[in-house]
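Taking it in order: structure first as structure tokens, then the write-up.
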Amino acid sequence: MLQQAIRHARTVWKVDILTLASGFNSIHEGMVNEIRKASKEMLIFAAASNSGNIGPITFPANLVGQVICMFATDNNVKANTNINPAPRARGYNFAMFGVGVVPYPRDKPQSGTSMSTFIGAAVAGMILDFAHHNDVLANTLKYLKTVAGMEAVFNEMSTEDLKYDCMTPWKIRSRIGMPREEERLVIANAIARAVDRRFE
């Protein structure tokens with residue numbers, strides 16, 4: 001079922017971003033093949049798992065270079081080691097707010113790397129949308145649609161904590177109170193520099 005959904009996202013819906021908030025203890029070869037094909041055309045985000053150090057990063061989040069693996073932070077941008085599995089030695093360990101998330105008013109707060117996955121994908125969507133409306137990023141957009149390109153931007157806006165790359169998107173802003181057009185230019189240049197360094 002999930003394998004078919006990945007195929008449809010690539011061939012029928014033609015989406016830019018796909019989130020896989022489920023994790024599996026074993027690798028499914030059919031899904032690997034679909035993810036490999038899809039990762040050439042879209043960004044795929046996957047949840048690391050909520051097992052702490054009891055278990056490893058689950059599939060498909062463990063596919064380095066093909067998906068963006070997301071870990072969880074609290075609202076102070078501190079990595080949550082009660083939820084997160086150990087950071088991996090190879091590749092980035094991006095962590096996004098995912099503890100005590102209230103999806104809708106009056107909903108019960110939810111915690112986990114699935115929440116982080118949705119929020120991380122939303123940040124990527126905002127970056128892609130911003131790139132579509134910014135002349136500075138006209139030649140950068142194609143790279144932002146790749147895992148390597150988006151990881152470069154995420155790295156630019158991350159702060160390390162316990163070997164996790166904790167997301168602080170406001171890091172690429174210059175200063176609060178700057179005129180809107182100047183701020184947009186600062187952000188665009190920060191994104192462009194991050195991508196240029198990755199692909200130079």
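What follows draws every value from the coordinates through simple rules; no lab data is involved. Since we're looking at a predicted model, the values are computed, not measured. All Cβ positions, even for glycine, are placed from backbone atoms using ideal geometry, and neighbour counts span all protein chains on display.
A simple spin-label model places pseudo-atoms 7 Å from Cα toward Cβ; at residue 11 and residue 104 they are separated by 3.4 nm. Local charge for residue 31 was computed over the other residues whose Cβ lies under 15 Å away, with Lys and Arg +1 and Asp and Glu -1, and equals +2. Placing a label point 7 Å from the Cα of residue 141 along the Cα-to-Cβ direction, the residues of region 1-30 with a backbone N closer than 14 Å are 16.
Residues whose amide H lies under 5 Å from that of residue 17, counting only those 5 or more places away or on a different chain, are 43; hydrogens are built 1.01 Å from N in the peptide plane. For region 51-139, the list of trypsin sites (Lys or Arg not before Pro) that fall in a loop by DSSP and count at most 13 other C-beta atoms within 10 angstrom reads 90, 106. The calculated FRET efficiency for the pair residue 33 and residue 89, based on their C-beta separation and a Förster distance of 35 Å, comes to about 0.85. Once the C-beta distance of residue 162 and residue 64 is scaled by a Förster radius of 22 Å, the resulting FRET efficiency is 0.70 to the nearest 0.05.
The calculated P(r) of the chain, using every Cα pair and 10 Å bins from 0, goes 9, 35, 36, 18, 2, 0 in percent. Separation between the residue 51 and residue 193 pseudo-spin-labels, each 7 Å from Cα along Cα→Cβ, expressed in nm? Rounded to a tenth, the inter-label distance reads 4.1 nm.
Coupling constants for region 126-134 follow from the phi torsions by the Karplus curve (6.51 cos²θ - 1.76 cosθ + 1.60, θ = phi - 60°), and in residue order they are 5, 5, 4, 4, 4, 5, 5, 10, 9 Hz; glycine and proline get x.
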